[in-house]
Amino acid sequence: MNFLSKFCIATLMSLLATLTYAQPQPSELSLIQVQDDIYVINNPFVPGNVTLLLTDEGVIMVDNKFAWDYDNMMTMIRSITDQPIKYVINTHYHGDHSGGNARAQADDTLVIASENARLKMIEANQPGLPDVTLDEHAFVHLGGKVAEIFRFGRSHTDGDVVVYFPQHRLLAAGDMFTFGEDVPQLIDYAGGGSARAWTRTLDEVLRLDFDTVVPGHGPVTNKVELTNFRDDSIRLRVRTREMVAAESSRDEIREMLINEFHWIDMQFPAGLNGLLLELQ
Ligand SMILES: [Zn+2]
């Protein structure tokens, strides 16, 4: 892993604890066209990816990075459409996915998230609380197109949703799926995350019919890679349980997580504590 990605992942992990309190420095963003009317605003690792569905009546957006990325993000969006952003869906409460909410609301964008995510945002005193929340499933219709929101269960946090675009066979997965070389699965135990529930949650997601997947962080990819990630989520638990049963030391388990699952310094001790507690 090179220095930059280590730095970025470290930044991401500190976000799990500190949310919106990172240093406000606009990120270097790139705009990627995925389909005729679907774009992704990507960047080197942090903040999270943004997905845009363009329609003749406005834009549906998934996640909105940090507050300090808002102006750059909007300039980028204005290069592809004059339509207003009608809806932004936060996949979860972390500040690198919901930090633009207050600015968005000032621009008359309706913010949607799970009720659990909204509760976490209240606990963390985050600005821009969602206007509309869902428990398990919602449809967002705009300009003859549709985005379906699903909360299947716990994974990265207890409030993660995926956004499914059935007409486009595309899924915006949020941090339920992080993708790329040496990128770990990020379990936010303080945010209600669960390694044990994660696989079940992904099994529900994988029943949906899609080809393209926008991960929470990393390049746009496909359903095969999401399936691989799901398999790795099982392997993580199996390997940890094996080592606990063999009475391996905490340090040995730590080494295994680093070597086999690319865990990084910031995931210790909270991530390891949570995992051992959950799997005992
Ligand atoms: Zn996150």
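Laboratory data are not the source of any read-out in this text; all were calculated from the coordinates shown. Predicted, not measured: the structure shown is a model, and the values here were computed from it. Cβ placement follows ideal geometry from the backbone for every residue including glycine, while neighbour counts extend to all protein chains displayed.
Tabulated data
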| read-out | value |
| --- | --- |
| Per-residue [θ]222 nm for the chain (sum of -39500 (n - 2.57) over DSSP H runs n ≥ 4, rounded to 500) | -11000 deg cm²/dmol |
| Kyte-Doolittle at least 1.0, axis length at least 20 Å by Cα - qualifying DSSP helices, the chain | 3-18 |
| Shape category assigned to the range 92-237 from the gyration tensor of Cα positions, a/c cut at 1.5 | oblate |
| Nearest-20 debye value, the chain charge dipole, Cβ charges on Lys, Arg, Asp, Glu | 320 debye |
| Largest to smallest principal axis extent of the C-alpha atoms in the chain, angstrom | 60, 39, 34 |
| Cut-off under 5 Å, modelled amide H: who pairs with Val146 long-range | Gln167 |
| Amide H contacts of Thr81 (H built 1.01 Å from N, under 5 Å, at least 5 apart or other chain) | none |
| Other-chain or far-sequence residues with amide H under 5 Å of Ser155's (modelled H) | Asp160, Ser194 |
| Overall form of the range 19-151 per C-alpha gyration tensor (a/c, 1.5; a/b vs b/c) | oblate |
| Packing-based order for 197-206, 98-107, 74-83, using average beta carbon neighbours within 10 Å, highest first | 98-107, 197-206, 74-83 |
| 19 Å reach of a label modelled at Asp108, 7 Å along Cα-to-Cβ, counting backbone N of the range 72-95 | 74-75, 77-79, 81-89 |
| Within the chain, percent of DSSP bridges classed antiparallel, to nearest 5 | 65 percent |
| Alpha-carbon centroids, the range 204-250 and the range 61-117: separation in whole Å | 28 Å |
